[in-house]
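Worksheet: the structure to be examined is printed underneath.
Taken together, the values in this text are just the output of simple stated rules run on the coordinates, not laboratory data. On a predicted model such as this, the values are computed, not experimentally measured, just so you know. Ideal geometry is used to build each Cβ from the backbone, glycine not excepted, and the neighbour counts take in all protein chains shown.
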Amino acid sequence: MSETEQPRQFNVPFSWWESAFARLREAGDVAEGVVRTDLRYLEENHRMWRDSRGAVGGRFPGRRALAARWGWSERRVRDILARDDWHTPVNPIPWSELKHAGCGDEPEEPDDDGLFELPGPMTHAEVVQRAVRWLRGHHECRTVFAEIVTYERVNPDAIGFRKVAGSSRAWSVLVEAKISRSDFRADRDKIIHRLPDSCPGQERWYLTPPGLVRAEEVPPGWGLAECGKRSVRIVVPAPKGEPVMERAHADMGIMLAALRRHAFGVRWFDDTARFEPYSAAGKGDE
């Protein structure tokens, strides 16, 4: 691929990837970038099998099966699976490489990011950005902040503010993004669950990839929504009641932190709902 060529991104059917991977395998030694992308496919296929109790896909293959699939030695397979980031394709495959291997027509229109990407685990950053869009769209929040660091007891992954229709009151919606079971379980020890009224967010949500958290696991006072690449589905509605004054005070702390950044001239990126980090802006820490 030339330096000026931009790789393109596709969400492809499993059957299409199987055919494409077979052609890449026939073309020669399977590169690590291809293997990482294949692991994304296999991991998602295994999740579908687990969720459907065997009706779709198959079991996640063992080391010997992977070695046969990739034409690698079992030791080489063991080494890549031992890495913490084994399921993350750090070198996505450009469409030109797939086309050169004779993989056929493009499966569907590319996404905005322009990289070849199989359905698979979303990153925390992707879920946070989905939360920002969800707050602005579904919740109609005019002011949204992503991962803003303040002196408050909790620094939410995303929080939005809107005016309550028909009144002069403000309402805040807090979203915590979770991409792993361990992260979700660790969250229950945070102060927002032990002292809920001392933290920001009149309305609180977990936003996760599909199937990560069961409805019965959602703690009291929280809602659960699942996000894909282009949509969000509400699983457990978040309870709504009268505004809690202590939470409003914590909300105000976040707004004041944002106002301080604005007063200092810290650059604001509206598309990601973030201020430039203080270290980059040369302003010191909050």
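Some points to look at:
- Share antiparallel - DSSP beta bridges, segment 124-281, percent rounded to 5: 65
- Overall, segment 124-281 carries a charge dipole of about 260 debye about its Cα centre when +1 sits on the Cβ of Lys and Arg and -1 on the Cβ of Asp and Glu, all other atoms neutral.
- Proxy reagent accessibility, fewest Cβ within 10 Å first, across Thr208, Thr272: Thr272, Thr208
- For Ile234 and Asp29, the FRET efficiency from 1/(1 + (r/R0)^6), where r spans their Cβ atoms and R0 equals 35 Å, is about 0.15.
- Chain lengthening between Arg194 and Ala68 when straightened (0.36 nm per residue, less Cα-Cα): 40.3 nm
- Debye log10 I(q)/I(0) for segment 124-281, one point scatterer per Cα, at q = 0.21 Å⁻¹: -1.53
- Built amide H within the under 5 Å cut-off of Cys141, gap 5+: Arg136
- 16 Å reach of a label modelled at Arg185, 7 Å along Cα-to-Cβ, counting backbone N of segment 196-229: 212-214, 217-219
- Computed E for Glu242/Ile80 - FRET, C-beta separation, R0 51 angstrom, nearest 0.05: 0.45
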